[in-house]
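Report on the structure given below.
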Amino acid sequence: MTYDIDELFREAALARREADATIGEDDLDEDDDPSSFFVNAPKRPTCCGRAVFHELPDGDFHLCYGANCEFVVYDRERQLVCTKTGLVIGVEHSRDHDPSWTGRSVGSANPDDTAGTPLGGWIRRRDMFSASVSAYRSAASISDACVVLPSMKKGWDDAHGKDTSRPKLLKRGALCVDEAPDAAQPKRPRSTRRETWTREALEKLRIEAGQVVAALMIVEVDTTPPPQKLDPRLQNIEFVRKVALRKYIKACKEGTQELDMNVLHDVCVYANEFVRTQRALAADATTSARRRSQRRGPGFSGQVRNLVSLLIVSLWRASCATPHMRDGKRGNDSFRPFAAGILYSFKRGLYLNDGTCVVPSLEALAQHLPALRSPQSTTLAKQLQSSSHRGICSFHKSISSMESLDEEEAVDVRRLFSQAATQAAFLRALVFQHSS
C-alpha cells in the first residue's frame, strides 16, 4: 500500500490545528510544546580537541574543552583561565599595535634612543680643525720679546723679593743623549727599610713563612720496610686441607706412610693451625699498612710547621738588627729567600761564634725538601730552592757582621738570637718526639 507523503503532512498539520483549538491556554503545558524542544536545548561548545575530565572539590565533575570551554575567562595577565578548575588554558600572544601598523619592527637597540638627557645637558663636541687653526695662528704671532728667559726670571724674582733658594727638582730616570750630567746634582740616597715589629707585622711574616714551608716540604719519605707478600689461598681452610690430604694420600700410595685415622686427624688439626697463623699475619700486615699510611713524617705535622715558621720569623728579626741588614744595601735581601735558606740549613745546622745553635741539624725535616731536579718538585718549589742560596749567604753575612757591634748593641742582638735558639731547641725536641 502506497502513501502520499505530502498528503500525510497535510493531515498532520490539520490534526495539530484541531488539537490546538480544543485545548485551552490553561491546559497547555510548556513542556508539551514540541516547538520548544530545540529552542531551549543546551549550547555545547565546539570541541576542537580532546575533552578532559576534572574532579571538582564538591565531588562534581567538569568536562573542560580547553580554550572553547564556556567557563574560560581572560584575566589581566593576558591568560585564559578556567574558573571551574583554576587551570591556565593558554596565553594570548597578540601584540598591541595601532591599526596603522604594517608589521615592520620600528624598535631600536641603541640605548641612546631610550636614554634621557645627561647630567649638565648636552655638550657640543669640540671642533678639532678649528682648534688646530687657532693654535697655528697663535704660534705665528709669538715673538722673541714675549719669551721670558731663565736669567730674566731670576732677576725679576730678586727684584720682587722672591725666595729662589728652593732645591732644584731632581730628574728621575736616565739622561737624554744630548744632556750632560750635572756634577752638582746630588744622588738620591737609597732608602733603607724600616722594620716595624708590631704584632700584625709578625703575624704576616709568620703566615708568609708558613707558605714557604708548605711549598718546600712536599716530599714524603717512607722508612719502614715493605711488608711480606702473603698468598691469600693459604688463608682458605678448604684449600689448605685439600692440599694436605692430597699429599698424605700420595705418600700412602707410594708406600712411604700407612693410612691411619689418627694421622688424618693430625693433618686436619695442623691445617687449621696453619690457616689461623696465616690469617693473623695478614691482619698484622693490614694494620701496619694502615698505620704507615696514617703516620707521615714530622715535616707534615702542623705543630712542627708552625714552630718552624716562628723560628724563621725570630731569625729574620734578629738578622735585621745586625749591621749587614741594617746599614747595607738591602736590594737582594728579602724574606722568602731567607726562609728557604733556613729550611735548607736543617741539613747541617747553623751556630754563632760563641757556639749557640740557632738552626738545629734535623735530617728528619731536611729529607722532606725537594732535591735538585727532583721529579716531585713543583714550579714554586724550584723557584724557592734556587733562591735559598741567596738567603743562606745573607744570613751568614749577618752573623759575621756582629763582630763590628759595640757592647750595648751586641747585647740587644744576642738577646734576639737567644730567643731564636730557645725555639730551635724546642723544635729539635718536638721533631725527635714525632720521629720516635
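The values are calculated or read from the model by the stated rules, or taken from the named source; none is laboratory data. Because the structure is a prediction, the values reported are computed rather than measured. Here the Cβ is made from the backbone with ideal geometry for all residues, glycine too, and neighbour counts use every protein chain on show.
Screening Arg190 on (1) within 30 Å of Leu380 (Cβ to Cβ); (2) outside any loop (DSSP other than H, G, I, E, B); (3) charged (D, E, K, R); (4) at pLDDT below 90 shows it passes everything except condition (2).
Residues in segment 356-402 that are farther than 30 Å from Asp327 by Cβ and part of a helix (DSSP H, G or I): 8 in all.
Residue by residue, here is whether (1) at pLDDT 80 or above; (2) touching a Ser or Thr at 6+ places or on another chain (Cβ under 6 Å) holds:
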residue: Glu7; (1), (2): yes, no
residue: Arg10; (1), (2): yes, no
residue: Leu14; (1), (2): yes, no
residue: Asp26; (1), (2): no, no
residue: Pro34; (1), (2): no, no
residue: Pro45; (1), (2): no, no
residue: Phe71; (1), (2): yes, yes
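Pairs linking a residue in segment 186-209 that is more than 30 Å from Gly302 (Cα to Cα) to a residue that is at pLDDT 50 or above and not basic (Lys, Arg), with Cβ atoms under 7 Å and 6 or more positions apart or on different chains, are Arg188/Leu170. Of all residues in segment 403-419, one or more are over 22 Å from Met217 (Cα atoms), assigned to a helix (DSSP H, G or I) and among the hydroxyl-bearing types (Ser, Thr, Tyr). Condition check: over 33 Å from the mean Cα position of the chain (by Cα) and more than 18 Å from Ile312 (Cα to Cα). Does Gln419 satisfy that? For Gln419, the condition - over 33 Å from the mean Cα position of the chain (by Cα) and more than 18 Å from Ile312 (Cα to Cα) - is not met.
Please work out if Lys347 is under 40 Å from the mean Cα position of the chain (by Cα), charged (D, E, K, R) and at pLDDT 85 or above. Taking the combined requirement at face value, the residue satisfies it. The condition of being surrounded by 11 or more Cβ atoms within 10 Å (Cβ to Cβ) and within 54 Å of the chain's Cα centre (by Cα) holds for only one of Ala209, Ala251, Ala244, that being Ala209.
Residues are listed down the side, and each one gets a yes or a no for (1) under 30 Å from Lys229 (Cα atoms); (2) at pLDDT 80 or above:
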{"position": "Arg276", "(1), (2)": "yes, yes"}
{"position": "Asp284", "(1), (2)": "yes, yes"}
{"position": "Ala289", "(1), (2)": "yes, no"}
{"position": "Arg292", "(1), (2)": "yes, no"}
{"position": "Gly297", "(1), (2)": "yes, no"}
{"position": "Ser309", "(1), (2)": "no, yes"}
{"position": "Ile312", "(1), (2)": "no, yes"}
{"position": "Arg336", "(1), (2)": "no, yes"}
